[in-house]
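Just so you know, all these numbers are worked out from the coordinates, no wet-lab data involved. Source: prediction; values computed, not measured. Using ideal geometry, Cβ is built from the backbone for each residue, glycine included, and neighbour counts are taken over all protein chains shown.
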Amino acid sequence: MEKKYNASLNYSKQRYLELLKLKYSQEKVFSSEEESELSDYSSVLDGHLDWETREQYLQLLEKLINGKIDTFKFCIEFEKRNELNGEVFDSLEANFLLLSPHEKSVKFSDFIIEILDFCYSHSEIFESDIPAEKFDLYEAEFRGSIEKIYLKIQKFLEE
């Protein structure tokens, strides 16, 4: 699921619930404005799930930074964590169970998206047929980039 959302959204559980019920009712044609608004609400909920599972994400980041996990396994585990959140998200929406987002959840989710983007790119490199020395250089760059994001996350969490 795409996690970017409209920053001007005034989050309302009641409105989110109305939109979900409208979507699933099939009684009325869902307008593009309503669809966009629902997408914004969904992105907020999805981002909040990243926040709720931040400790698991942070543990994976620490394993990578401390050399306890290789980059390929890190990406698999990181993507798996995100997929599990996606399953919870789908279940929450399907059952009309909505959460109130934490004020830091959106920014934290942006960090997760950034790391996932690196992982998706890394997977493409891993699957390509590049020489070992170039791959080693890319691995070092990948670790360095992830470490920079991790430091930004640490600073953000301390604010």
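Return the ratio Rg/(2.2 N^0.38 Å) for the chain, where Rg is computed over Cα atoms only.
Relative to the 2.2 N^0.38 Å estimate, the chain comes out at 1.20.
With a/c under 1.5 counting as rounded, go ahead and sort the stretch 69-149 into rounded, prolate or oblate using the C-alpha gyration tensor (a ≥ b ≥ c being the square roots of the eigenvalues; past the cut-off, prolate if a/b is larger than b/c, else oblate).
Verdict is prolate for the stretch 69-149.
Using the count of nearby Cβ atoms within 10 Å as a rough guide to exposure, how do 48, 122, 102 rank from fewest to most?
Starting with the residue having the fewest Cβ neighbours, the order is 102, 122, 48.
Is there a quick way to get the dipole size of the chain? I mean about its Cα centre, with the Cβ of Lys and Arg at +1 and of Asp and Glu at -1; what is the value in debye to the nearest 20?
480 debye
Cut-off under 25 Å on the C-alpha distance; same-chain residues fewer than 8 positions from residue 104 excluded. Which lysines are left, in chain and number order?
Within the straight-line limit of under 25 Å, residue 104 reaches these lysines: 3, 4, 13, 63, 80, 148, 152, 155.
If we count other beta carbons within 10 Å of each Cβ, what is the order of 110, 46, 129, fewest first?
Fewest to most other Cβ atoms nearby, the residues stand as 129, 110, 46.
Taking 0.36 nm per intervening residue step and subtracting the Cα-Cα distance, what contour gain separates residue 94 from residue 11 on full extension?
The residue 94-residue 11 span can extend by a further 28.0 nm.
Take 57, 24, 11 and order them by how many other Cβ atoms sit within 10 Å, fewest up front.
In order of increasing Cβ crowding within 10 Å: 24, 11, 57.
Using modelled amide H (1.01 Å from N, peptide plane; none on Pro or chain starts), what sits under 5 Å from the amide H of residue 99, excluding residues fewer than 5 places away?
For residue 99, whose amide H was placed from the backbone, there are no distant partners under 5 Å.
For the residue pair residue 114 and residue 66, what label-to-label distance in nm results when each label sits 7 Å from Cα along the Cα-to-beta-carbon direction?
Each label point is offset 7 Å from its Cα along the Cβ direction, giving 2.3 nm.
Normalised by the residues of the chain, what does the relative contact order come to in percent, with Cα pairs under 8 Å and at least six apart?
Computed value for the chain: 30 percent relative contact order.
Tell me, what HN-Hα J-couplings in whole Hz come from the Karplus equation 6.51 cos²θ - 1.76 cosθ + 1.60 at θ = phi - 60° for each residue of the stretch 48-59, using x for Gly and Pro?
Running phi through 6.51 cos²θ - 1.76 cosθ + 1.60 with θ = phi - 60° gives 5, 5, 4, 4, 5, 10, 4, 4, 5, 4, 5, 4 Hz.
Please give the calculated 222 nm ellipticity per residue for the chain, where each DSSP H segment of at least 4 residues contributes -39500 (n - 2.57) and the sum is spread over every residue; nearest 500 deg cm²/dmol?
-26000 deg cm²/dmol
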